[in-house]
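**Q** Mind looking over this structure? Questions follow.
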Amino acid sequence: MRPRTILRWLIIAAFCGFTAPETPGQESPAAPPLPDAWELQAENLTRLGMRFWRVPGCAVAVVHDGQLIWAKGFGVTALQGDQPVTPDTVFPIASCTKSFTTTRMAQLVDAGKVSWDDPLTKYLSWFRLSDPEATRAVTLRHAASHTGGLASHDLLWYRWEGTLRQRVERLSQIPVESKPGEKYAYQTSLFTALGLVEETVDGKPWAEQIESGLLAPLAMRNTWADPRKIPASVVRAQPHRLSPSDTPIACEAYPFNEPDPAGSIHSTANDLAKWVQFHLGDGTNPEGKRLVSKGQMDLLHTQQIAQPLTASLRGLNPSSQSMGYALGFTTYDHRGETVLAHGGAVDGMRTQITLVPGKKLGVVVLCNLSLTRMNLSLTHHLLDLFLGYSGRDYNGLVLKQQRRNLQELLDRAQAAGERGRSRMDRIDPAQMEGVYQHPAYGDTKLFLRDGVPMFKLGGTETTLQPMGPGCWLAQADPFGGAVIEYIPGTPPVIRMTGEVELTLKRKE
């Protein structure tokens, strides 16, 4: 397997760390001076990253001392055409949407309509988890900081049809893993619930609130919370993925069929620079109108939960010593500086928005390639450039960690394949085909298509790479390299092991 093929296997994740934020009221330090020939260096770092990660198109913006100092497009919107990427090319920003949802919630807190420590059930009477005590305990703060007590279960929302409420209602059928507020676990569907709270409190659709309360006052005229409203005349980046031969090819775009508080916003490098400027400020827009109180801005940026700095996270963030999550922002340290950031990933696209408040510095990176780590490694390089550091090859370091992650994944799959050899004696492979059920995911299917083993879970389908008798490795990106095992019995079951563990019983 070629090294870059690993980009097709690794699960979407936000990698981060933390140091203490600036004390409210403390005088903000001066921004560092700009380095010599910074523009040429930034352009060279971007072009190098694109070649290294094979990204077809990229848009980058840098904010320094309250000003947009650089916004530039590179490459093309689609490999089949010659439309160049510019700072005004529209990209889906996926999970970077979450900071917009929490900022809108901060506005409602300022208005006295909600409190961060209100339970979700105060506004969503129908909200349920599998544990009644946890149902009562989960607050807006927990949902906004990924501490609601649930594992990720991203496939519960990915490509599922149905209303936003129906997506959230499925959470009642998965186990509560920890006491709310106790542990960090990235949970997208609870962010969707935050948007539904905002709709209940304000009475207007979430997208309208984002547009009138944030986008319009910040003059973000090329940003849409509802992707269905994007004009046909707008130039949009097209999605790509790496082929088995490690070359970028066009892929199907994610179907944004409705607004989603967890990930539907589309924007540009120029507009996201305005978002960065706003969050590096005190809560007012360029005209001096206050959108969010200084106290709520500080709270949005304050760590709510720490995360273990695992070997994998440290390998992907080589200049970090700690990590955590605030309210809609990951938090970490880079070269000792506090950083607020968020990554976004959806089919064929990758985004990174990063702020260094203590240095009045912000970076936006938008890429049109699935699961590329260019957004992360280029951000590291640009932070080093503007903070006055050099000497680290983040492209190589991040790729090295991805190789380790891939090897760990393959080792786990091969071990599962060995386990299958003993229990699959005299089992006809045709017997394994069928429909399997899960309380939250509903009917799932294990089947052959033109002789190729396939697995469908929720709205997502994947081909399966055989690892042993009755054992496969899921190949579609959203599965994150999950291992699928057939377990004989009465009834037989399928066990899926990856970011979450599921047991699915054969439907008789």
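**Q** Please arrange K72, K98 by counting, for each residue, the other beta carbons lying within 10 Å of its beta carbon, fewest first. Could you put the intermediate results ahead of the total?
**A** Details: K72 17, K98 27.
The order, fewest Cβ neighbours first, is K72, K98.
**Q** May I ask you to evaluate 6.51 cos²θ - 1.76 cosθ + 1.60, the Karplus curve with θ = phi - 60°, for each residue of the range 367-376 and list the ³J(HN,Hα) values in order in whole Hz, giving x for glycine and proline?
**A** Ordered by residue, 3J(HN,Hα) equals 10, 10, 9, 4, 6, 5, 9, 4, 4, 7 Hz.
**Q** Give the lysines whose C-alpha is closer than 19 Å to that of K359, dropping any in the same chain fewer than 8 places away, or say none.
**A** K359 reaches K274, K294.
**Q** Still on this structure: Using only Cα atoms, what is the ratio of the radius of gyration of the chain to 2.2 N^0.38 Å? List each step's numbers first, then the result.
**A** On the way: Rg = 22.6 Å, N = 508, 2.2 N^0.38 = 23.5 Å.
The reported ratio for this selection is 0.96.
**Q** Which peptide among 474-487, 362-375 comes first, and what is the full order, when sorted by highest mean count of other Cβ atoms within 10 Å? Before the final figure, lay out the partial values.
**A** On the way: 474-487: 22.2, 362-375: 27.9.
Ranked from most to least packed, the peptides come out as 362-375, 474-487.
**Q** Rounded to a whole number of µm²/s, how large is the Stokes-Einstein D of the range 120-195 at 25 °C and 0.890 mPa s, given Rh as the Kirkwood radius over C-alpha pairs?
**A** This corresponds to a translational diffusion coefficient of 204 µm²/s.
**Q** Here is a further query. Determine one quarter of the surface area of the Cα convex hull of the range 273-355, which equals its mean projected area, and express it in nm² to one decimal.
**A** Details: hull surface 26.4 nm².
With every direction weighted equally, the projected area is 6.6 nm².
**Q** Next up: In 5 Å bins starting at zero, report the fraction of Cα pairs in the range 404-506 per bin as a rounded %.
**A** That works out to 2, 13, 25, 28, 19, 9, 2, 0, in percent per bin.
**Q** In whole Hz, with x marking every Gly and Pro, tabulate ³J(HN,Hα) for the range 388-400 from phi via Karplus 6.51 cos²θ - 1.76 cosθ + 1.60, θ = phi - 60°.
**A** Listing the rounded values in order: x, 10, 7, x, 10, 8, 5, 4, x, 5, 5, 4, 4 Hz.
**Q** Give the aspartates and glutamates whose C-alpha is closer than 12 Å to that of K72, dropping any in the same chain fewer than 8 places away, or say none.
**A** Leaving aside aspartates and glutamates fewer than 8 places away in the same chain, those within reach of K72 are E39, E43, D88.
**Q** For V90, list long-range residues whose amide hydrogen, built 1.01 Å from N in the peptide plane, is under 5 Å from its own amide hydrogen.
**A** Those qualifying (amide H under 5 Å, at least 5 residues apart or on another chain) are V235, R236, A237.
**Q** Of the cross-linked pairs K289/K360; K113/K456; K400/K445; K229/K400; K183/K229, which ones have a Cα-Cα span greater than 32 Å in the structure shown? Write out the running numbers ahead of the final one.
**A** Details: K289/K360 20 Å; K113/K456 42 Å; K400/K445 35 Å; K229/K400 41 Å; K183/K229 38 Å.
Over 32 Å apart, Cα to Cα: K113/K456; K400/K445; K229/K400; K183/K229.
**Q** Next up: Once the Cα gyration tensor of the range 288-403 is found, what semi-axes does its equivalent ellipsoid get, as square roots of 5 times the eigenvalues, in whole Å, sorted largest first? Each step should come with its number before you reach the end.
**A** Numbers: eigenvalues 114, 54, 45 Å².
Those come to 24, 16, 15 Å.
**Q** While we're here: Just want the answer: with Cβ charges of +1 for Lys and Arg and -1 for Asp and Glu, which residue in V346, M432, A476 is farthest toward the dipole's positive end in the chain?
**A** M432
**Q** Excluding same-chain residues fewer than 8 positions from K505, which aspartates and glutamates have a Cα within less than 19 Å of its Cα?
**A** Here the aspartates and glutamates satisfying the reach criterion relative to K505 are D428, E433, D443, E461, E485.
**Q** So who's got an amide H within less than 5 Å of the one on S322, skipping anything under 5 residues away but keeping other chains? H placed 1.01 Å off N, in plane.
**A** Those qualifying (amide H under 5 Å, at least 5 residues apart or on another chain) are F18, D333.
**Q** I've got another one for you. HN-Hα J couplings of the range 450-467 from phi, Karplus 6.51/-1.76/1.60, θ = phi - 60°, integer Hz, Gly and Pro as x?
**A** Coupling constants for the range 450-467: 6, x, 9, x, 10, 9, 10, 10, x, x, 10, 10, 9, 6, 10, 9, x, 10 Hz.
**Q** Also, I was wondering about something else. Can you tell me the order of 464-473, 42-51 when each peptide is scored by its average per-residue count of other Cβ atoms within 10 angstrom, highest first?
**A** Taking the mean over residues of other Cβ atoms within 10 Å, the ranking is 464-473, 42-51.
**Q** Compute the convex hull volume of the Cα atoms of the range 144-271, divide it by the residue count, and report the result per residue in Å³ as a whole number.
**A** Details: hull volume 20.8 nm³, N = 128.
Convex hull volume per residue, Cα atoms: 163 Å³.
**Q** Near the amide H of M467, under 5 Å away, which other amide H atoms are found, from residues 5 or more places off or on another chain, if H is placed in the peptide plane?
**A** W472, L473
A short reminder: the numbers here are calculations on the coordinates, not readings from a lab. Everything quoted here is computed from the prediction, not taken from an experiment. Don't worry about glycine lacking a Cβ; one is built from the backbone with ideal geometry, like all the others, and counts go over all protein chains shown.
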